[in-house]
Amino acid sequence: MIDIKLIRENPDLVKENMKKKFLDVKVVDKFLKKDEELRKKIYEVEQLKCKRNEISNEIRTLKKEGKSVEVKIKEGKKIPEQIKKIDDEVSWLRGELNVILSKIPNLMAKDVPIGKDDSENKVLRKWGKIEKKDFEVKNHVELLEELELVDFDTSAKVSGNGFYYLKGDLALLNQALISYSIDFMNSKGYCYIEPPLMLHKEVLDAAMDTTGFKETIYGVADEDLHLIGTSEHALLGLHANEAIIEKEMPKKYFSYSMCFRKEIGSHGINEKGLWRTHQFNKVEQFIFCKPEDSGKYYDEMMKNTEEFFQSLNIPYRVVECCSGDLALWKAKSADLEIYRPTIKGYGEVTSLTNCTDFQARGVNTKVVYGNGERKFAHTLNNTVVATSRAIVAIIENYQRKDGKIDIPMVLRKYMNNKKVIGSGE
């Protein structure tokens, strides 16, 4: 969540930030009005509690003096009911405020380009040579079904659209990507974590905008447990309600997990394929750091992901998200998009985000400096690889004229030195 103190003390700054994101600034005024109501109610409760204490003291004094206390007792009996009534109003107002607060976005970094939506995102750089093939590249679904390496029809019967069976060399390629990415990030000095795959909604509320919660997250019936859409959320909860001393910062983690997303209404979810699915494998980077360091770790995490895809020798471009394409919790974000020969264009495979202190406020994670000062930590996350999309990229870019698929050099040792999918090589 955004700092409430900031909204109170500098509402114009918050409104200007929202204007750049093309959002309705009236929500700030609505928040301030409710916040004032809440503080008045809290003050009323405090005054009533003081009055209750005063009456208790007066009753004790009157008793010592042998005087009648009947009037004071009668007066005192009314106060608990008054307090309860106002406490109920306070609880309701807090709920209202949280709903309003959930619509106020994080402050963007000053260098975020202004734009209405992803069509106005800015291409920062491109890498890799796009190979011109002398044959028509097959769609990954068509080719994989020909090679009998995937089964979408059976998975649709047993689980529904958006799921899949990976078979043989394709399943091994998936595991090779996971194993290689784990080794890759381990070499960068990050700590490997295997997180829980289910979380309480409280953690998810801190991690993301859960306004459309039921359309994005799978829940467990009659329990406050929800399947993760990314391990970023589980890693965020790792230091909930903790104050980390300065010398222990940064905390650099990476994790492997299965991820689950409903993707209701998403384009293409009902089509066969691995590009957009309800279930997928993902290796994620996550950092907790001091506020003054999040800029440099933002660059470091992007460098890690770029090096990973360079090692796979897959052409890509880095695209900076404009103001209108930034989710509420993001202060700055960029996507890495791989080149896909079948569409003669690029598709997103990773997403880097600096959340500044927005998420850390929600889980109460702070940094304690040497002088005793405490500040909310900054959090950053970036995908290393989502294997299903990386597989599509490999199939399209490494596809051969004979219908076989070359295996990227760095992955071969993870596949018993096999060189080609679809043959004995």
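The values are calculated or read from the model by the stated rules, or taken from the named source; none is laboratory data. Given the structure is predicted, the values throughout are model-derived calculations rather than measurements. Here the Cβ positions follow ideal geometry from the backbone for every residue, glycine too, while neighbour counts run over all protein chains shown.
List of remarks:
- Residue within segment 326-341 that is of a type in the set (S, T, N, Q) and either crowded, with 21+ Cβ neighbours inside 10 Å or modelled with pLDDT of 95 or more (or both) present: yes
- Restricting segment 298-318 to residues that are crowded, with 21+ Cβ neighbours inside 10 Å and either part of a strand (DSSP E or B) or among the hydroxyl-bearing types (Ser, Thr, Tyr) (or both), the residue that is farthest from the chain's Cα centre (by Cα): 316
- For segment 107-157, the set of residues classified as among the hydroxyl-bearing types (Ser, Thr, Tyr) and surrounded by 18 or more Cβ atoms within 10 Å (Cβ to Cβ) consists of 155 only.
- Taking segment 329-424 as the region of interest, the helices (runs of 4 or more DSSP H) fully inside it that hold 1 or more residues being of a type in the set (S, T, N, Q) and either closer than 15 Å to residue 288 by Cα or assigned by TED's automatic domain parsing to the domain that holds residue 141 (or both) are 358-363, 387-397.
- Residue in segment 15-26 that is of a type in the set (Val, Ile, Thr), in a helix (DSSP H, G or I) and outside the structural domain of residue 330 (by TED's automatic domain parsing) present: no
- For segment 160-173, the tally of residues that are in contact (Cβ under 8 Å) with a residue 40 or more places away in the chain and either touching a Gly at 6+ places or on another chain (Cβ under 6 Å) or of a type in the set (Ser, Thr, Tyr) (or both) stands at 1.
- Residues satisfying the stated conditions in segment 349-381, i.e. under 16 Å from the mean Cα position of the chain (by Cα) and without any contact (Cβ under 8 Å) to a residue 40 or more places away in the chain: 351, 353
- Number of the condition not met by residue 344 [criteria: (1) at pLDDT 95 or above; (2) surrounded by fewer than 20 Cβ atoms within 10 Å (Cβ to Cβ)]: (1)
- Of all residues assigned to segment 42-58, none qualifies as being touching a Pro at 6+ places or on another chain (Cβ under 8 Å) and of a type outside the set (D, E, K, R).
- In the set (1) in a helix (DSSP H, G or I); (2) at pLDDT 90 or above, residue 73 fails one condition alone, (2).
- When residue 19 is tested against (1) surrounded by 11 or more Cβ atoms within 10 Å (Cβ to Cβ); (2) among the charged types (D, E, K, R); (3) over 31 Å from the mean Cα position of the chain (by Cα), only condition (3) is not met.
- Exclusive hit being of a type outside the set (Lys, Arg), in contact with a helix residue (DSSP H, G or I) (Cβ under 8 Å, 6 or more places away or on another chain) and over 30 Å from residue 8 (Cβ atoms), set 58, 44, 81: 58
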